[in-house]
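J.: Have a look at this one before I ask anything.
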Amino acid sequence: MTKHQRAIEVNAVIKAISDHGRRFFFNAAHQRVAFMDVGPRGHIFFTDDYSGKRVYISSSGRWHGFTHGGTLRHLVEMFAEYIRHGHKLHPDYIGIQNQSLVNGDIWGYGAEAVDAVRAAVLWSPVFNLLCPTCQHPLEDADISRQPPEPEFYICPKCYMCSRSTKEEI
Ligand SMILES: [Zn+2]
């Protein structure tokens, strides 16, 4: 997959996030959804839903025109890493409901909206699939995708091989 193709996959995830809950990345006044793109020299940009600015995000300093807080900046940084190198995200980053955090629902989306976003991006290549047995994130090498056959998983953590269809997950 090229950087450009990965940006398209990220934009589908951003759209799913913007469709639910508090609608992060969607600005009602401008009817605008944020998106990411790759410049001709491989630099990655984020077009902000509120400011409308195409923000250069390859710098670690201030992102001029980025109007969101640290949680979404971190998410956008991880999206950029996926676009650059194909590093997939753990699906728990959707909604960040990590039990070890004091306030699990950092996004303030509520469990239902978080579940809706996760369901919408379950088969997105931006995120790792989880082992159905132990929930360990599976890499592409662990999964053979040969539709219309059911997917075949070999989990390196629990050494469990399992077949499952979309419906069973
Ligand atoms: Zn496993």
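J.: Using a 4.7 Å Cβ cut-off, which Cys residues in the chain lack a partner cysteine?
T.: Singleton cysteines: 161.
J.: As I understand it, the dipole of the chain uses +1 on the Cβ of Lys and Arg and -1 on the Cβ of Asp and Glu, about the Cα centre. Which of 152, 113, 52 lies farthest toward its positive end?
T.: Of 152, 113, 52, it is 52.
J.: Let me spell out the model: positive unit charges on the Cβ of Lys and Arg, negative unit charges on the Cβ of Asp and Glu, origin at the Cα centre of segment 43-144. What dipole size does that give, in debye rounded to 20?
T.: Charge dipole, segment 43-144, about its Cα centre: 440 debye, nearest 20.
J.: Let me ask another. Once the Cα atoms of helix 70-85 and of the chain are each reduced to a long axis, what angle between those two axes, in degrees from 0 to 90 to the nearest 10, is obtained?
T.: Approximately 60 degrees, to the nearest ten.
J.: Another question, then. Given the -39500 (n - 2.57) contribution per DSSP H run of 4+ residues, what per-residue ellipticity at 222 nm results for the chain, rounded to the nearest 500 deg cm²/dmol?
T.: -8000 deg cm²/dmol
J.: Next question, about the same structure. If you line up the long axis of helix 3-18 against the longest principal axis of the chain, both from Cα atoms, how many degrees apart are they, to the nearest 10?
T.: For 3-18 against the chain, the angle is about 80 degrees.
J.: By counting other Cβ atoms within 10 Å of each Cβ, how are 72, 122, 138 ranked from fewest to most?
T.: Details: 72 17, 122 13, 138 20.
Listed from fewest to most nearby Cβ atoms, that is 122, 72, 138.
J.: A follow-up question, please. List 123, 107 from most exposed to least, where exposure is judged by having the fewest other Cβ atoms within 10 Å. Write down the numbers at each step before the final one.
T.: Numbers: 123 12, 107 21.
Ordered by Cβ neighbours within 10 Å, fewest first: 123, 107.
J.: Continuing with the same structure: What list do you get for 18, 59 if you sort them by fewest beta carbons within 10 Å?
T.: Ordered from fewest to most neighbouring Cβ atoms within 10 Å, 18, 59 come out as 59, 18.
J.: Please state, to two decimals, what the Cα-based radius of gyration of the chain comes to when divided by 2.2 N^0.38 Å (N = residues).
T.: 1.09
Computed from the coordinates by the stated procedures, all read-outs in this text should not be read as laboratory data. Computed from a predicted structure; not experimentally measured. Note that each Cβ is placed from the backbone with ideal geometry, even for glycine, and that neighbours are counted across all protein chains shown.
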